[in-house]
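In what follows, a single structure is set out as structure tokens and then discussed.
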Amino acid sequence: MGTIFTDLQNKFDGKPILFVTLDFTNRTTHYQSELLASALGMSEAYKANQGTGFILLLDSQTRNISTRLTSKQTLKEMSAALNQLLKK
């Protein structure tokens, strides 16, 4: 997801979107990710979705998961999902 994630960040640069990467590589990065998720009010989404290979789109107000994007989707499909959330 690294390249697609970067492409999405570039495509939506300047938009009201916060892109956050949570890293589960080792104990240290796992703990740091847990702290970051907590600080951003995303603890529930973090606890329910520990893994790799996907992007979660969370509603900024409720912190609920709006959409889950996977590597099976194209950049165009992912961009459409982000644009849909921006219209809300």
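Structure values in brief
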item	result
For the chain, calculated [θ]222 nm from helices alone, where every DSSP H run of n ≥ 4 adds -39500 (n - 2.57)	-14000 deg cm²/dmol
P(r) tail fraction, region 2-87 - alpha-carbon pairs more than 20 Å apart, %	34
Net charge dipole size for the chain [Lys, Arg +1 and Asp, Glu -1 on Cβ; Debye, nearest 20]	220
Phi to ³J(HN,Hα) by Karplus 6.51 cos²θ - 1.76 cosθ + 1.60 over region 38-55, Hz, x for Gly, Pro	5, 4, 8, x, 10, 4, 4, 5, 4, 5, 7, 9, 7, x, 10, x, 8, 10
Nearest-ten-degree value, helix 75-87 long axis tilted from longest Cα axis of the chain	90
Whole-number percent relative contact order across the chain, with pairs defined as alpha carbons under 8 Å at least 6 apart	25
Rounded tilt (10° steps) of 2-11 against the dominant C-alpha axis of the chain	50
Cα-projected label distance for D59 with L18, points at 7 Å along beta-carbon direction, nm	1.7
Loop chymotrypsin sites (Phe, Trp or Tyr not before Pro), the chain, which have at most 12 other Cβ atoms in a 10 Å radius of their Cβ (DSSP)	F19, F24
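Every read-out reported here was derived from the displayed coordinates using simple, explicitly stated rules and does not represent laboratory data. Just so you know, these numbers come straight off a predicted model, no measurement behind them. Every residue, glycine as well, gets a Cβ built from its backbone with ideal geometry; the counts of neighbours run over all protein chains shown.
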